[in-house]
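A short worksheet on the structure shown next.
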2 protein chains.
Amino acid sequence: MLSKKSQYAFKALTYLSEKFNEGPVLISEIAKKKKIPLKFLENILLELKKAGILDSKKGKGGGYFLRQSPEKIKVATVIRLINGPIAMLPCVSLYFYERCKNCNEKYCGLHDMMIEVRDATLNIVEHRTLRDLMI
Amino acid sequence: MLSKKSQYAFKALTYLSEKFNEGPVLISEIAKKKKIPLKFLENILLELKKAGILDSKKGKGGGYFLRQSPEKIKVATVIRLINGPIAMLPCVSLYFYERCKNCNEKYCGLHDMMIEVRDATLNIVEHRTLRDLMI
DNA sequence: TATAAGTCCACTAACTTGGTGGGCTAATAT
DNA sequence: ATATTAGCCCACCAAGTTAGTGGACTTATA
C-alpha cells in the first residue's frame, strides 16, 4: 500500500500540475485545498524539491512549482521517491535490489512470479505521468 | 513489499506442497530446512491453519500439512491473509476497501490508475497457486 | 527594514514488524 | 496410567516506521 505521505504527495503534485505555468503556489494554499497537514506537506514538498521534481521561491510571491511540465514527470519516479520500492520483494526490485539470503533466485518460483507482477505494474506506472492524474 | 512473515509463509507452504500426501511435517523440520525462526514459524502456521489452508496433528507423528492439494491454494489468498491488501490504495482494494476521505473516487486520476495496477497484479496472483511456486 | 514564505532541525505518539519465552493441551506409545 | 511428543496459546519486547508537530532560521520582496 502507498503511505499517506505518498497520497499527499500525489495530491499536491496534481494540484501543482493544474497550476503549472501560473507561478509559485503557497504551501498553505495546497494544504488548505487538498486538506493536507501543513507542516507535513512542507516536508514532502521539500523532499520533492531536493529530488529535482519541484522548485521553489522564497519571500512574497513565492511558493512551489513544477520544474518540468506534468507530462515529463512519471508516476513511477514519485512512488520510488516517496514510497520506496515498487516490487513486492527486494530480490526483484530494479532500484532497491537486495540479494535473497537462503534462497536461490534461479530456482525460486516466488521470485519468478514477483518479476511478472513487477513488470505488469511498471508497465503502467512507468508510462503514466502527472498529466494522466489531472483528468 | 511483502513482509518477511509473508516470505516465510510462502517458503513454508512451498515446502509443505512438496511434501503433500506424505503425512504431517514437523514445524521444526520446516524451520530448519527453510531457515525460519521456529517460534515465529509456529505463529505463521497457526494463522494459516485458522484460515483453513493448513491442518495439523498433535503428538507423536504429528505436524502440519496442506488441507488441499497445492494447485487449489491461490497465491492471492496467502498474500491477503498474511500480508494484507494487494491494491496500492484502500479505495481500490476489493477485500480491504475503505472510502477515500476528501477525494472523489469518480474524478480521481490516481484512483483510476491504481485500479489498473490492481487488476494487472490480480491477473497474476489470482491465477497462480502453490503448485506454481514449486518448480 | 518589515514582512512573507520557504528551510532546517529536533522531537513525539502510535503502530507495525520480527521476533522470544513459558506454560498448556492433546495425541500417541508403552 | 503415564511419559513423551508436538502443536496451541498468551504475553511480552526491541527496533523501526509512520504521521505528524514545534520552533528557530534564512532569504526574497515591498
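What follows is calculated from the coordinates using simple rules that are stated; it is not laboratory data. What you are looking at is a predicted structure, and each value in this text was computed from that prediction instead of being measured. Cβ sites come from the backbone with ideal geometry, for glycine too, and all protein chains shown count toward neighbours.
Defining the label point at 7 Å along Cα→Cβ, can you sort the distances from B:PHE96 to the same site in each other copy, shortest first, in nm?
Nearest to farthest, the other copies are at 1.5 nm.
Please tell me the relative contact order of the range B:1-72 in percent, rounded to the nearest whole number, where contacts are Cα pairs under 8 Å and at least six residues apart.
Reported relative contact order: 35 percent.
Using r as the Cβ-Cβ distance of A:SER3 and B:LYS72, and R0 as 41 Å, what FRET efficiency do you calculate, to the nearest 0.05?
With R0 = 41 Å, the Cβ-Cβ based efficiency is 0.75.
Considering only chain A, pick the residue with its Cβ nearest the axis of the rotation onto chain B, and state the distance in whole Å.
It is A:ALA120, 2, counting Cβ atoms only.
Find which of A:VAL117, A:PHE20, A:ASN102 sits farthest along the positive direction of the dipole of the range A:12-135, computed with +1 on the beta-carbon of Lys and Arg, -1 on that of Asp and Glu, about the Cα centre.
With unit charges placed on the Cβ atoms, the residue in question is A:PHE20.
Please compute the contact order of chain A in relative form: average sequence separation of alpha-carbon pairs under 8 Å and at least six residues apart, divided by the residue count, as a percent.
Reported relative contact order: 27 percent.
Can you run phi through the Karplus equation (6.51, -1.76, 1.60; θ = phi - 60°) for the range B:67-84 and list ³J(HN,Hα) in whole Hz, with x for Gly and Pro?
Ordered by residue, 3J(HN,Hα) equals 6, 10, 5, x, 6, 8, 9, 7, 4, 4, 4, 5, 4, 4, 5, 8, 9, x Hz.
Sorted from shortest, what are the nm distances separating the label point of A:GLU29 from equivalent points in the other copies, each placed 7 Å from Cα along Cα to C-beta?
6.8
Suppose you put the label 7 Å out from Cα in the Cβ direction; list, shortest first and in nm with one decimal, how far A:LYS57 is from each other copy's label.
Its label point is 7.7 nm from the equivalent points in the other copies.
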